[in-house]
Amino acid sequence: MAPKDKSKLPFDPKTFLAKVGTGRKIMDYRNGEAVFSQGDQADAIFYVQKGKLKLTVVSDQGKEAVIAILEAGEFFGEGCLAGQIKRMATATAMTDCVAARLEKAEMIRVLHEEPVFSELFLRYLLSRNIRIEEDLVDQLFNSSEKRLARVLLLLANFGKEGRPEPVIPKISQQMLAEIIGTTRARVNFFMNRFRKLGFIDYNGGLHVHSSLLNVVLHD
C-alpha cells in the first residue's frame, strides 16, 4: 500500500477564496464603484471578503430599488450557475471592498471536487433563501416603521455571529427608503423618532442600540 501524502493539506474554502489562482482573482472596489451592472454578461460569481455592497434593480420606467445588502462572507452573482446569461441587478460597493471573483467554470469545478466548499456554498444559499422569505413576510405584514427598524438591526449585525457593529457604514435615508419600500420623508420621521427614544444616535456615525429590538418585537 502506498503511503499517504502528508504534504497535501485539507481543503480550506476561506484560504481558497483569499488567493489568486486559475479562474480566480482578488478584486478591490472603491466606495460607490460598480462590481457589475444590470444587463452585463453573467460569467462569474463573487465572494465578499471585506466591506459592504448593495444590489439594486432599475425598472423600465427608471425606478430603482435596493434588493439586498451584502457583507463579508456572502456570495453574489450566483445566478449564472442556473443559466442566467445577463445580470438582473447592479452590484455596487457601499464601502471600500475586497471580493474574490470566480469564473463560472472554476466555480463549477470546485463545487464538484471539494465537498467542504459545496457545503459552505449550500449553507449560504439556504441562509439567503431564509432571508428572502423573511423579507417577503416583512414587506407583506409589517409597518414601514418595523421594516426600517429591522433593516437597521440587520445592518448592525444584530442576531448574527460575532459582536454587533458599533457604527453602520454611511447609508442615505433615500437608500433606506428604497430598501423598505416607503418615502424618504417617512424614513426621516422614523429616524428622528428612534433618535429621540434613544434607539439610535449619530455620535461619529450611526449607532444602533439593542433597544431598537423593541420596535420589531412590539405588536
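Please treat every number below as a calculation from the coordinates, not as lab data. Small disclaimer: the values here were computed from a predicted structure and weren't measured. All Cβ positions, even for glycine, are placed from backbone atoms using ideal geometry, and neighbour counts span all protein chains on display.
Quick one: is Phe189 in contact with a helix residue (DSSP H, G or I) (Cβ under 7 Å, 6 or more places away or on another chain) and aromatic (Phe, Trp, Tyr)?
Considered against the rule, which asks whether it is in contact with a helix residue (DSSP H, G or I) (Cβ under 7 Å, 6 or more places away or on another chain) and aromatic (Phe, Trp, Tyr), Phe189 comes out as no.
Of all residues in region 52-62, count the ones that are without any contact (Cβ under 8 Å) to a residue 60 or more places away in the chain, over 19 Å from Arg147 (Cα atoms) and of a type outside the set (Asp, Glu).
Going through region 52-62 one residue at a time, the tally reaches 6.
Considering only region 62-71, I want to know if a residue exists there that is in contact with an Asp or Glu (Cβ under 8 Å, 6 or more places away or on another chain), surrounded by 15 or more Cβ atoms within 10 Å (Cβ to Cβ) and closer than 17 Å to Met107 by Cβ.
Looking for residues that are in contact with an Asp or Glu (Cβ under 8 Å, 6 or more places away or on another chain), surrounded by 15 or more Cβ atoms within 10 Å (Cβ to Cβ) and closer than 17 Å to Met107 by Cβ, one finds none in region 62-71, hence no.
Which pairs have Cβ atoms under 8 Å, sit 6 or more apart or on different chains, and link a residue in region 184-206 that is among the basic types (Lys, Arg) to one that is assigned to a strand (DSSP E or B)?
So the pair list comes out as Arg195/Asp201.
Taking helices (runs of 4 or more DSSP H) that fall entirely within region 168-219, which contain at least 1 residues that are under 19 Å from the mean Cα position of the chain (by Cα), closer than 21 Å to Asn31 by Cβ and not aromatic (Phe, Trp, Tyr)?
Because the criterion is at least 1 residues that are under 19 Å from the mean Cα position of the chain (by Cα), closer than 21 Å to Asn31 by Cβ and not aromatic (Phe, Trp, Tyr), the helices (runs of 4 or more DSSP H) in region 168-219 that meet it are 173-180.
Kindly provide the set of residues from region 91-130 that are loosely packed, with under 14 Cβ neighbours inside 10 Å, touching a residue at least 40 places away in the same chain (Cβ under 8 Å) and more than 13 Å from Lys14 (Cβ to Cβ), ordered by number.
Listed by number, the residues that qualify are Ala105, Leu125.
Quick one: count up the residues across region 63-90 that are polar (S, T, N, Q) and without any contact (Cβ under 8 Å) to a residue 12 or more places away in the chain.
Total satisfying the criteria: 0.
Please find, among Glu78, Glu103, Glu133, the residue that is among the acidic types (Asp, Glu) and touching a Lys or Arg at 6+ places or on another chain (Cβ under 8 Å).
Testing whether each residue is among the acidic types (Asp, Glu) and touching a Lys or Arg at 6+ places or on another chain (Cβ under 8 Å) leaves just Glu103.
Here's a check for you: in region 187-202, which residue that is more than 16 Å from Ala177 (Cβ to Cβ) and charged (D, E, K, R) is surrounded by the fewest Cβ atoms within 10 Å (Cβ to Cβ)?
Checking each candidate, the answer is Lys196.
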